[in-house]
Amino acid sequence: MQQDYFTIYLQSYLQSDFSDVLAKLTTEEIENLVSERVNQAASIFEQERLAGKDILQAQEVAIAELTNGLSFSTYSFLNNLLETEFLSDYQRLTASEKRQTFLIAICPLLENLVKKHEESDTGENQRLCYHLIISQLENLIQTHGV
């Protein structure tokens, strides 16, 4: 039962926040990724329960393992930025069911800049990167005829 929960949780998480990563993988690679992570999470859950933790505590540790290394998503960042800064374009893309395709297409183009934004240690660098990302996103919206 826990494996079913972990499978649904991970698949939903990957689809909502890492669609760009999933688009690069084959169906078999996705199934292997999910299977490996779910098996590991289920094992951790059992170990935590045997160690005396209650279900919620064990589940929390298992989910942390399930999503380990998946803490930041360029796709999710750009989706939020598109919604925040370009709401009418976001709504138009969503209504035409092209938002996900558009975001998957632009993620590789903006990935380095987004990572630089996230890794910036000063507010000024972060603001500069943010404005550069917005400018690039605006150009990409126009280029793609959104």
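The values are calculated or read from the model by the stated rules, or taken from the named source; none is laboratory data. Bear in mind the structure is a predicted one, so any value in this text is a computation, not a measurement. Positions of Cβ are backbone-derived with ideal geometry, glycine not excepted, and every protein chain shown enters the neighbour counts.
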Exercise. Any chance region 3-15 includes a residue that's under 19 Å from Leu110 (Cα atoms) and either assigned by TED's automatic domain parsing to the domain that holds Ile133 or surrounded by 14 or more Cβ atoms within 10 Å (Cβ to Cβ) (or both)?
Worked result: no
For this session: Need at least 3 residues that are among the small types (Gly, Ala, Ser) and out of contact with any Pro (no Cβ under 7 Å at 6 or more places or on another chain) per element, so show me which helices (runs of 4 or more DSSP H) inside region 40-101 make the cut, counting only ones lying wholly within it.
Result: 55-66
For this session: Could you please tell me which pairs satisfy a Cβ distance under 7 Å, a separation of 6+ or placement on different chains, a first residue in region 72-85 that is closer than 13 Å to Tyr130 by Cα and modelled with pLDDT of 95 or more, and a second residue that is buried (at least 22 other Cβ atoms within 10 Å of the Cβ) and of a type outside the set (A, V, I, L, M)?
Result: Leu78/Cys107
Exercise. In region 91-107, is there at least one residue being crowded, with 17+ Cβ neighbours inside 10 Å, in contact with a Leu (Cβ under 7 Å, 6 or more places away or on another chain) and without any contact (Cβ under 8 Å) to a residue 40 or more places away in the chain?
Worked result: yes
